[in-house]
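K.L.:
Have a look at the structure that comes next, please.
The values are calculated or read from the model by the stated rules, or taken from the named source; none is laboratory data. Keep in mind the model is a prediction, meaning the values are calculated, not measured. In this analysis, Cβ positions are derived from the backbone assuming ideal geometry, glycine residues included, and neighbour counts consider all displayed protein chains. These accessible areas exclude ligands, DNA and RNA; they are computed on the full protein's heavy atoms, side chains included. Shrake-Rupley method; radii C 1.70, N 1.55, O 1.52, S 1.80 Å.
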Amino acid sequence: MNALQLFFKESHQLSSDDLTFIADHFDKVSAPKGTILFEQGTIVDAVYFIAEGVLHHFNYNEEGEKFTLDLHDGPCFCTDLESFSEVKKSTDSCVTLTDCTLYVLSKGKYDALIST
């Protein structure tokens, strides 16, 4: 059982078949330190589950000053939900602070999962 399935198993009452079905919609990726997952001003098209590693979630104000919103370490999810769900430009950025193992749910696979 991978980290994503274990997370869902511990937080929800799902059958093995349901766990597998959900996990099959995610792509496992290795993201080296410094990988930009999404940037302020772009549309976020994925949800990230952090199995290993640390993400820096931040934004810039009008004066160009950088503000940390959160440091995410696994296991947890990270995205700009408003940008992802409403298909609008993100106000945030997110970059890997360490080498990371992520499970990525693209917008297309999310829509397919929701419609099932």
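K.L.:
Report, in deg cm²/dmol and to the nearest 500, the calculated mean residue ellipticity at 222 nm for the chain, where each DSSP H run with n ≥ 4 adds -39500 (n - 2.57) and the sum is divided by the residue count.
P.N.:
So the helix-based figure for the chain works out to -7500 deg cm²/dmol.
K.L.:
Per residue Cα convex hull volume for region 1-57, in cubic angstrom?
P.N.:
Each residue corresponds to 107 Å³ of Cα convex hull volume.
K.L.:
Using r as the Cβ-Cβ distance of Val54 and Lys28, and R0 as 22 Å, what FRET efficiency do you calculate, to the nearest 0.05?
P.N.:
The calculated FRET efficiency here is 0.80.
K.L.:
Starting from the residue with the highest accessible area, list Lys9, Lys33 in decreasing order, probe 1.4 Å.
P.N.:
I get Lys33, Lys9, largest accessible area first.
K.L.:
For Lys109, list the lysines whose Cα falls under 29 Å from its own Cα; do not include residues on the same chain fewer than 8 positions away.
P.N.:
By straight Cα distance, Lys109 reaches Lys9, Lys28, Lys33, Lys88, Lys89.
K.L.:
Also: Cα centroid distance between region 47-70 and region 76-116, in Å?
P.N.:
13 Å
K.L.:
Now for a different question. Under a Cβ-only charge scheme (Lys and Arg +1, Asp and Glu -1), can you give me the dipole magnitude of the chain about the Cα centre, in debye to the nearest 20?
P.N.:
That gives a dipole near 240 debye.
K.L.:
Follow-up question, since we're still on this one. Taking N as the number of residues in the chain, what is its Cα Rg relative to 2.2 N^0.38 Å?
P.N.:
1.10
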